[in-house]
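Here is the structure we will look at.
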Amino acid sequence: MEAKPVGESASEYLELALPNDANGVGNVLGGKVMHLVDLAAAMAGMRHARKPIVTASVDSLHFLHPVHIGELIMLRSSVNRV
């Protein structure tokens, strides 16, 4: 199998934070953010593998700032090492 450059798997996923995605104080739920991260990772993985993939594990995920209703969520992903 031939090596592929990182840019070949790069992807970008955008989603608007809607009220249905948030808790009572207007912050997007952590589970929703984790779901979006998994989707972005899957897009990069499928571009790299050129076939369906699954998430086997996640080493860590740290929430540094809240996402509020009405904000645009932008996720960028790429396969950097295999």
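The values are calculated or read from the model by the stated rules, or taken from the named source; none is laboratory data. No experiment lies behind these values; they were computed from the predicted model shown. Every residue, glycine as well, gets a Cβ built from its backbone with ideal geometry; the counts of neighbours run over all protein chains shown. Accessible surface areas use protein heavy atoms only, side chains included; no ligands, DNA or RNA. Shrake-Rupley method; radii C 1.70, N 1.55, O 1.52, S 1.80 Å.
Summed over qualifying helices (DSSP H, 4 residues or more, each -39500 (n - 2.57)) and divided by its residue number, the chain shows a 222 nm mean residue ellipticity of -8500 deg cm²/dmol. Taking all protein chains as they are arranged and a probe of 1.4 Å, the heavy atoms of Glu15 leave approximately 40 Å² accessible to solvent.
Please give the length that would be gained between Glu12 and Val54 if that part of the chain were fully extended, namely 0.36 nm times their separation in residues minus their C-alpha to C-alpha distance (nm, one decimal). Please report the intermediate quantities before stating the final value.
Details: separation 42, 0.36 × 42 = 15.12 nm, distance 1.84 nm.
Length gained, Glu12 through Val54: 13.3 nm.
Assuming charge only on the beta carbon of Lys and Arg (+1) and of Asp and Glu (-1), the dipole of the chain about its Cα centre is about 280 debye to the nearest 20.
Treating the Cα atoms of the range 35-76 as identical point scatterers in vacuum, please give the log10 of the normalised Debye intensity I(q)/I(0) at q = 0.19, 0.20 Å⁻¹, two decimals. Values, matching the q order: -0.70, -0.76. Amide H contacts of Ser9: Val79, each under 5 Å away and 5 or more positions distant or on a separate chain (H built 1.01 Å from N in the peptide plane; Pro and chain starts excluded).
Taking each pair of distinct Cα atoms in the chain once, what is the resulting Kirkwood hydrodynamic radius in Å?
On the way: mean 1/r = 0.0715 Å⁻¹.
Across the chain, the inverse of the average 1/r is 14.0 Å.
Restricting the trypsin sites (Lys or Arg not before Pro) of the chain to loop positions (DSSP other than H, G, I, E, B) with no more than 13 neighbouring Cβ atoms within 10 Å leaves Arg50, Arg81. Using only the alpha-carbon atoms, how far is helix 30-49 inclined from the longest principal axis of the chain? Give it as 0 to 90 degrees, nearest 10. Between helix and principal axis, roughly 20 degrees.
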